[in-house]
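Visitor: Before anything else, here's the structure in question.
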Amino acid sequence: MLEIIAIEKKFDNKKVLDNINFIVNKGEFFGLLGSNGAGKTTMIKLISTLLLPSDGKILLDGKEITRNNVQIKKKITTVTQEYTLRGDMDVDEIMEYQGRLYQMPREQRKKDSKNLLEFCGLMEHRKKRVRELSGGMKRKLMLCRALLPKPELVLLDEPTVGLDPFSRRQIWDLISGLNQQGMTFILTTHYMEEAQMLCQRIALIDQGQLLEIAPPQELINQLGNIAINVVTPVGIQQKYFKNRERALAYAKNLSDPFTLRETNLEDVFIKRLGKGLD
């Protein structure tokens, strides 16, 4: 279990996270959603100890996560937004180095590396230098590297940026399967479909403040399960309703063109945070 307790973070006296408290249960897939600058990536960096909190503490299995607590840090891996791969190393070397870093037995790291690379379609590229890989291949390799030591907690900071739809679905299948086996994930993403599909609970963060934590469907239910997009002279307007009957009753009086659809997490994001997606 991960516990975030009264976390604050300041940069040059500017508070970017303010009294953040939440718990991620063992085996949970937990999402952090917010606009750019909301504090999501800062929270990920604090959990991974790339940054240190200005106040508060973070516990994993009841023990504080610090830079000096090596045994706790070994239970956590991270896939960052930025590419963090050495360009002069090939794919095999990246995986081998990660396995040795986490003191995996030789046969185990060879077997697990092969399985991960095969699943992500990287086996035929295993002798290529990182600098020769496409952006999508690099993203997949970063995920393979993070998953290799079978960590207790995986931090995913926009892990599928730059991937085509097929590759993105591959990654969803992989991490969803690992989650069902008990691995814990924390995800930040701007792909609302991704968060809605993968996350059991989602924390909405705005300007460093934690607004609410709830399952995706509960957040959708609060807004209304059915949406009507009305095409007006000033743009598309959204209206939300608890059920289809109420939506159709409203639509009968419309003179402008409209479409009726199911509400999704992107609607919640825009309505609650007042901003469009990037």
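Taken together, the values in this text are just the output of simple stated rules run on the coordinates, not laboratory data. Please read these numbers as outputs of a predicted model, since none were measured by experiment. Cβ sites come from the backbone with ideal geometry, for glycine too, and all protein chains shown count toward neighbours.
Visitor: So between LYS127 and LYS271, what do we pick up on full extension, going 0.36 nm a residue minus the alpha carbon distance? Provide the component values of the computation, followed by the final result.
Guide: Values: separation 144, 0.36 × 144 = 51.84 nm, distance 4.72 nm.
Contour length minus Cα-Cα distance gives 47.1 nm.
Visitor: Could I ask something else about it? Take every Cα-Cα distance within the chain, group them into 5 Å bins from 0 onward, and report for each bin the whole-number percent of pairs it holds.
Guide: Whole-percent P(r) values from 0 Å outward: 1, 5, 11, 14, 16, 15, 12, 9, 7, 4, 3, 1, 1, 0.
Visitor: May I pose another question? So how far apart, in nm, are the two label points at PHE166 and ASN243 if each is 7 Å from Cα heading toward Cβ?
Guide: 4.3
Visitor: Please list 3J(HN,Hα) in residue order for region 226-236, calculated via the Karplus relation 6.51 cos²θ - 1.76 cosθ + 1.60 where θ = phi - 60°; whole Hz, with x for glycine and proline.
Guide: With coefficients 6.51, -1.76 and 1.60, one gets 10, 10, 10, 9, 9, 8, 10, x, 9, x, 8 Hz.
Visitor: How much net charge surrounds ARG131 when only the other residues with a Cβ under 11 Å from the Cβ of ARG131 are counted, with Lys and Arg +1 and Asp and Glu -1?
Guide: +1
Visitor: Then there is this: Which far-off residues, 5 or more places away or on another chain, put their amide H under 5 Å from the one on THR263, with H placed in the peptide plane?
Guide: ILE226, ALA227
Visitor: Expressed as a whole number of Å, what is the distance separating the alpha-carbon centroids of region 1-56 and region 205-238?
Guide: Each part reduced to its Cα centre gives a spacing of 24 Å.
Visitor: I need the P(r) histogram for region 155-194: all alpha carbon pairs, bin width 5 Å from 0 out to the longest distance, whole percents.
Guide: 6, 22, 32, 27, 11, 1
Visitor: Ranked by Cβ crowding within 10 angstrom, fewest neighbours first, how are GLU82, GLU194, GLU8 ordered?
Guide: Arranged by neighbour count, lowest to highest, GLU82, GLU194, GLU8 become GLU82, GLU8, GLU194.
Visitor: Can you tally the net charge around MET89? Count Lys and Arg as +1, Asp and Glu as -1, for every other residue whose Cβ sits under 14 Å from the Cβ of MET89.
Guide: Net charge in that neighbourhood comes out at +3.
Visitor: What is the mean projected area of the alpha carbon convex hull for region 108-187, to one decimal in square nanometres?
Guide: Result: 5.2 nm².
Visitor: Of the cross-linked pairs LYS74/LYS128; LYS9/LYS73; LYS40/LYS140; LYS15/LYS150; LYS110/LYS138, which ones have a Cα-Cα span greater than 26 Å in the structure shown?
Guide: Cα-Cα > 26 Å for LYS74/LYS128; LYS15/LYS150; rest within.
Visitor: Report the Cα-based extents of region 219-273 along its three principal axes, largest first, to the nearest Å.
Guide: 30, 26, 12
Visitor: Let me ask something else about it. Could you pull out every one of the lysines with an alpha carbon less than 22 Å from that of LYS239, ignoring same-chain neighbours closer than 8 positions?
Guide: Filter leaves LYS252, LYS271, LYS275.
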